[in-house]
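First comes the structure, then the notes that go with it.
The values are calculated or read from the model by the stated rules, or taken from the named source; none is laboratory data. The structure presented is a predicted model; accordingly, all values stated were derived computationally and were not measured. When we count neighbours, we look across all protein chains shown, and the Cβ atoms used for this are built from the backbone with ideal geometry, even at glycine. Side chains included, ligands, DNA and RNA excluded: accessible areas come from the protein's heavy atoms. Shrake-Rupley method; radii C 1.70, N 1.55, O 1.52, S 1.80 Å.
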Amino acid sequence: MVSAYEHRIINIHPSLIPSFCGTGYYGLKVHEAALKRGVKVSGATVHFVDAGTDTGPIILQKAVEVKSGDTPKVLQRRIMEEAEWKILPKAIDLIAHGRVRVEDGIAVAEDA
């Protein structure tokens with residue numbers, strides 16, 4: 001199904017791909033792994049879906065500070081509010097207005 005809709009299905013992932021993504025990284029597991037690793041910045045990525053897991057061309061990303069004392073749920077909420085809820089509508093708008101194309105496996109967004 002994915003190949004029939006190449007570059008027409010999008011996903012939002014709660015990290016800055018390529019960090020904390022792929023098989024097994026979903027929901028709170030992403031944030032647990034980020035906190036365990038001690039990263040200072042996390043965020044969200046909107047990307048096109050391909051046959052892999054979180055491997056499609058990246059459309060937009062937004063970084064979010066990881067704060068001392070964060071729990072996975074607190075970090076998840078901050079990433080949703082500060083990143084996901086902003087870049088997903090922006091990516092949809094870019095796609096709807098024909099301002100995203102994929103060249104050599106890389107998504108290029110105009111005025112992103």
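Descriptive notes on the structure:
- Remark on V108: its backbone amide H falls under 5 Å from those of R101, V102, E103, a criterion applied only to residues 5 or more positions apart or on other chains, H modelled at 1.01 Å from N.
- Region 1-68 - percent relative contact order, Cα under 8 Å, separation 6 or more: 37
- Debye intensity ratio I(q)/I(0), log10, the chain, q values 0.12, 0.20, 0.22, 0.23 Å⁻¹ (C-alpha model): -0.41, -1.01, -1.16, -1.23
- Accessible area per residue was computed with a 1.4 Å probe on protein heavy atoms; E110 scores about 90 Å².
- Positive-end residue of L75, I106, T55, charge dipole of the chain with Cβ unit charges: L75
- Pairs exceeding 22 Å between alpha-carbon atoms, taken from K40/K90; K29/K73; K36/K86; K62/K90; K29/K67: K40/K90; K36/K86.
- Under the criterion of Cα pairs below 8 Å and six or more residues apart, the relative contact order for region 11-112 equals 27 percent.
- Carbon/sulfur fraction of accessible area - the chain, other protein chains in place, 1.4 Å, %: 52
- Label point at I9 placed 7 Å out along Cα→Cβ; residues across region 20-49 whose backbone nitrogen lies under 17 Å: 22-24, 46-49
- Probe 1.4 Å, protein heavy atoms only - accessible area per residue of the chain in square angstrom: 60
- Gyration tensor verdict on region 22-72 (Cα atoms; rounded if a/c is under 1.5, prolate if a/b is larger than b/c, oblate otherwise): oblate
- For region 56-112 and region 1-41, distance of Cα centres in Å: 11
- Between amide H atoms placed 1.01 Å from N, distances below 5 Å from G43 occur with L16, V64, all of them 5 or more places distant or on a separate chain.
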